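Trainee: Below you will find the structure I want to go over with you.
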Amino acid sequence: MAACVLCRRGLRLRHLPGLRKGFAQAQHMCVQRVDETDDQEDKKGVSQHQEGSVQEEYRLHYNPRSYYQSALSSATSRWQTDNDEDKCLSMLAPSFWQQSNRYSVSCSRHLSSSKNTLLDLAFNKSLEPETPSLSQHNRKHIPPDVKVDPRAFLKCRPGYASMTLDLTQRPHPIRWEEALQLLQKVTLLKGSMKTSDVSHFLAELGRLSPDKISLVRNDHRFVMLLRYSVEHLRLFTPLQLLEVLQSFVWLDMPSVHSVLGLYEAELSRRAKQMSLHQLLLAADLWRCIGKQVPQFLQHLYDSVRLHLGQIGLLELVHLLYIIGEGRHCPKDLIRPVEHLLMLHLQQLYPEEVGAVCLGLFKSQTSMSESAVTRIVDKAHSFVEEMSDFAMVNVLKYLRFSYLFHKAWMEAMVQEVPQRAHRMGVQGLMHVALGCSALHYRNDKILMAVAERIPSLVPHCRSKDSSKLLWAFGTLGFLPVQSPSFYPCLTESLRQRKVEFQRYPEHLLTGLLGLAFVSQFPVDLITLALSPEFVNLALKSTQLELKKDLFTLDETVALELPHWTGPRISSELRKDATDMLWKFAQSDVCQKPEVQEAESALQDLLGGEKFVSKRMILPHTRSIDLEVHLDLTGQPVPVNAESDATVLSPGEQFIGMSASSGLGQNECRSNYN
């Protein structure tokens, strides 16, 4: 049974061995499948067996969600990494390729919900430590991963200094003895301190060298100073408020510190009295602290609406950076922002284009196809001058927008192999995900990434390993092409089993990615289908993992017929099947191409009774239009209520199927 896979970029031949098992009673079949493949973070499925010289593949379609990761990162890394761009992508207006996509990446950043009160004794409360993973213990003597600077665009123009904080330029330090004198003054002055004294003391303490900061924060006199700052909060001028907030950055205040909520409330109350530049500076300081401040950002966006005429190139780029870090762009700002971006596009520098793309990606802001094309055209015009970080950001936004930009992808064929040796694991992961989402396979890119990854495995989180496995698996990158690639990432998953207790979706992502290239690690599959793990996955309040478990279980049934390990329960299997069919009826069955095909078949064959619409193989996430013909080629009525395809002697089955919404914009036609 041969399969012809039709994509926007050409034809690929595939074979489907699993259909022999799924349709044992159907001796003569012709199934045309029109699948659309998802552009989001990952895709999961199963494929490829070798039989003689013929490469065979059976594909199961899967849609991942974003992965939750704690927002309680250390202050020293809040502004230095892009580890969090996938953590909190809000589900907003769909892009032009995503109008029917119900699976936009989304999750929520978890911050402290503790109440802020004047008498809170936890002003100097430290961050709650995360449970260290096995991998963290093993990384003690491993050189650090490649770091990136997401704020590099601020160095492009001196004008950014008026609305941002340069984290590379700490204020001139004071001596420890001077800090002790300041703290002693707090004790002496107590309630007689003036507002200017409070702001001055905090600003001066912020000038301490980093190695002394923890000593100050743990001093009871500093806690007292914070209390007095709250008492004077409404007396601060806007400039004093910003000065105090800046001191909190240098003092490395924990983002969950109780006092910060009070400052956000006060800045929100003062927003109408502050200039646009002051609001942008405040938003930048909150970002440097690492605290999510949706209430304050809403006031910033209100001000932007009122002062669109004041938004120049610098304000626009910085605003998009803030929007990205806040993971949300108000819908009514999207069109004005797009207009301003197109107005200033040609004046942007390479790093600014990268910052713009990252902001749009993180906030899941969809722009028109023409706007995205123009942005990538601009990036392509100076791609050789872009940093690795900026280049990857352009790929991220292409992935989100699901726009295939031929010139850019061809440029990646040249750029990625030249850069891969110096790139970090997350940058390489996003390169692979971009290629996977856009269905762009180029062995120069994949080999460059695959050869670099084994040396970076110690830095791979389970999230990185699983997404790399998914991306390479869906692109059909075979194990023989890089013998160490799949084994080292599979072993990485084994070493990080403890992380699956918190992120069960990572294990499912990796296993389904491996299944695409006929890799079935028995120990990990046994773990994934064990009753304990299944219960853990089903308890997830952030992600719906029933369909993923179902896909893996049915994959095992098809590809490992002698499997004696655990399987999911019949109740869960039925629930997942019903869930998929219910979604298919409300989504993919309503797609114009499906309705047109169904209508055409009904007209051709003589009525509705000759065409049945259902899911023949539910775990493939596709619905099927089924037609039966007798020996003379005449249509035979189809029993739409039947649960299985049962053909009379000599009867032929002809079907067409379409993806049930877990993927999009990749057309496949399979002739069996």
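Trainee: With +1 on each Lys and Arg Cβ and -1 on each Asp and Glu Cβ, how big is the dipole of segment 596-636 about its Cα centre, in debye rounded to the nearest 20? Please report the intermediate quantities before stating the final value.
Mentor: Working: 4 positive and 7 negative charges, 41 e Å.
Dipole about the Cα centre, nearest 20: 200 debye.
Trainee: Could you tell me which of 623, 604, 635 has its Cα farthest along the dipole of segment 596-636 towards the positive end, charges placed at Cβ (Lys, Arg +1; Asp, Glu -1), taken about the Cα centre?
Mentor: The residue sitting farthest along the positive end of the dipole is 623.
Trainee: Further question on the same structure: Extension gain residue 636-residue 147, at 0.36 nm per residue separation less the Cα-Cα distance, in nm? Before the final figure, lay out each step's value.
Mentor: Working: separation 489, 0.36 × 489 = 176.04 nm, distance 6.40 nm.
That works out to 169.6 nm of additional length.
Trainee: Relative contact order for segment 596-636: what percent, with Cα pairs under 8 Å and sequence separation of 6 or more? Kindly include the intermediate steps, with their values, before the conclusion.
Mentor: Working: 39 pairs, mean separation 12.1, N = 41.
30 percent.
Trainee: Express the relative contact order of segment 187-312 as a whole percentage, based on alpha carbon pairs under 8 Å and six or more residues apart in sequence. Spell out each step's value before the answer.
Mentor: Values: 94 pairs, mean separation 32.8, N = 126.
Relative contact order of segment 187-312: 26 percent.
Trainee: Using the alpha-carbon centroid of each, what span in Å lies between segment 239-316 and segment 167-205?
Mentor: Measuring centre to centre over Cα atoms gives 23 Å.
Trainee: For residue 146, list long-range residues whose amide hydrogen, built 1.01 Å from N in the peptide plane, is under 5 Å from its own amide hydrogen.
Mentor: 425
Trainee: Take the solvent-accessible surface of the protein heavy atoms, probe 1.4 Å, and return the percent of it on segment 331-371 that carbon and sulfur atoms account for.
Mentor: Details: 820 of 1410 Å².
Roughly 58 percent of what the probe reaches on segment 331-371 is carbon or sulfur.
Trainee: Computed FRET efficiency, Cβ-Cβ of residue 331 and residue 272, R0 30 Å: what is it to the nearest 0.05? It would help to have the intermediate numbers written out before the result.
Mentor: Numbers: r = 22 Å, r/R0 = 0.75.
E between residue 331 and residue 272, to the nearest 0.05, is 0.85.
Trainee: With the cut-off at 26 Å, tell me which of the pairs 467/539; 291/331; 212/497; 155/463 have Cα atoms farther apart than that. Mind showing how you got there, number by number?
Mentor: Working: 467/539 22 Å; 291/331 23 Å; 212/497 38 Å; 155/463 31 Å.
Too far apart for the 26 Å limit: 212/497; 155/463.
Trainee: Taking the Cα centre of segment 148-308 as the origin and placing charges on Cβ (Lys, Arg +1; Asp, Glu -1), which of 213, 261, 307 is farthest toward the positive end of the dipole?
Mentor: 307
Trainee: For segment 139-229, state the average projected area of the convex hull of the C-alpha atoms over all orientations, rounded to one decimal in nm².
Mentor: Computing the convex hull of the Cα atoms and averaging its projections yields 8.9 nm².
Trainee: Length gain on complete extension for the stretch residue 603 to residue 218, per 0.36 nm per residue less the alpha carbon to alpha carbon distance?
Mentor: Numbers: separation 385, 0.36 × 385 = 138.60 nm, distance 7.88 nm.
Full-extension gain reported as 130.7 nm.
Trainee: With a point put 7 Å past each Cα toward its Cβ, work out how far residue 175 is from residue 481 in nm, to one decimal.
Mentor: Roughly 6.4 nm, to one decimal.
Trainee: Next question. Please list, ordered by chain and number, the residues whose modelled amide H lies under 5 Å from the amide H of residue 636; skip anything fewer than 5 residues away on the same chain.
Mentor: So residue 636 has HN proximity to 628, 629, 630.
Trainee: Two decimals is fine: what's Rg over Rh for segment 596-636, C-alpha atoms, Kirkwood radius as Rh? Mind dumping the intermediate values first?
Mentor: Working: Rg = 11.3 Å, Rh = 11.0 Å.
With Rg and the Kirkwood Rh in hand, the quotient comes to 1.03.
Trainee: Would you kindly state how much longer the chain becomes between residue 595 and residue 539 on full extension, computed as 0.36 nm times their sequence separation minus their alpha carbon distance, in nm to one decimal?
Mentor: 16.5 nm
Trainee: Can you give me the distance in nm between label points at residue 370 and residue 585, each placed 7 Å from the Cα along the Cα-to-Cβ direction?
Mentor: 4.1
Trainee: Roughly how many nanometres apart are two label points built 7 Å out from the Cα toward the Cβ at residue 530 and residue 382?
Mentor: 5.4
The values are calculated or read from the model by the stated rules, or taken from the named source; none is laboratory data. On a predicted model such as this, the values are computed, not experimentally measured, just so you know. Every residue, glycine among them, receives a Cβ derived from its backbone with ideal geometry; neighbour counts consider all protein chains shown. To get the accessible areas, we keep the full protein, side chains included, count just its heavy atoms, and leave off ligands, DNA and RNA. Shrake-Rupley method; radii C 1.70, N 1.55, O 1.52, S 1.80 Å.
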